[in-house]
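These notes are about the structure you will find just below.
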Amino acid sequence: MDVRRVKDYLYWLYYQYQLVTCSYVLEPWEQSMFHTITVTVLAMVLYTAYVFVPIHVRLALEFFSQMLGPQPQSSV
């Protein structure tokens, strides 16, 4: 893939982010604070999902497997 096209695409994504969040109207110091807070919140959400979602999925599977009853064991 062309490096220039990737760079243009990333710039376009960043521009879309600025339009959606209206951060283009902020002053530079306000933009840096806004981006810092946004990245921090996003990192905390991703970490929480990484840590707790697998645990909840496992517990849900155990719960529903108990509701359906024991599964027959294979004789192999």
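Say we look at region 20-33 and pick out the residues that are surrounded by 10 or more Cβ atoms within 10 Å (Cβ to Cβ) and in a helix (DSSP H, G or I); which of these is nearest to the chain's Cα centre (by Cα)?
Initially, region 20-33 is screened for residues surrounded by 10 or more Cβ atoms within 10 Å (Cβ to Cβ), giving 21, 23-24, 26, 30-33.
Now restrict to residues that are in a helix (DSSP H, G or I): 21, 23-24, 30-33.
Numbers: 21: 17, 23: 21, 24: 23, 30: 24, 31: 22, 32: 21, 33: 21 Å.
Among them, the one singled out is 21.
Tell me, please, whether a residue that is open to solvent by 100 Å² or more (accessible area, probe 1.4 Å) and in a helix (DSSP H, G or I) can be found in region 69-76. Before the answer, list the steps.
Start the filter on region 69-76 by keeping residues that are open to solvent by 100 Å² or more (accessible area, probe 1.4 Å), which leaves 70-73, 75-76.
The next check asks that each one be in a helix (DSSP H, G or I); those that pass are none.
Within region 69-76, none of the residues are open to solvent by 100 Å² or more (accessible area, probe 1.4 Å) and in a helix (DSSP H, G or I).
In a helix (DSSP H, G or I), surrounded by 10 or more Cβ atoms within 10 Å (Cβ to Cβ) and basic (Lys, Arg): which single residue out of 58, 4 fits that description? Walk me through it before giving the result.
Working: 4 fails: surrounded by 10 or more Cβ atoms within 10 Å (Cβ to Cβ).
Exactly one residue qualifies, and that residue is 58.
The values are calculated or read from the model by the stated rules, or taken from the named source; none is laboratory data. These numbers come from a predicted model, not from an experiment. All Cβ positions, even for glycine, are placed from backbone atoms using ideal geometry, and neighbour counts span all protein chains on display. Protein only, heavy atoms only, side chains kept; ligands, DNA and RNA dropped before computing areas. Shrake-Rupley method; radii C 1.70, N 1.55, O 1.52, S 1.80 Å.
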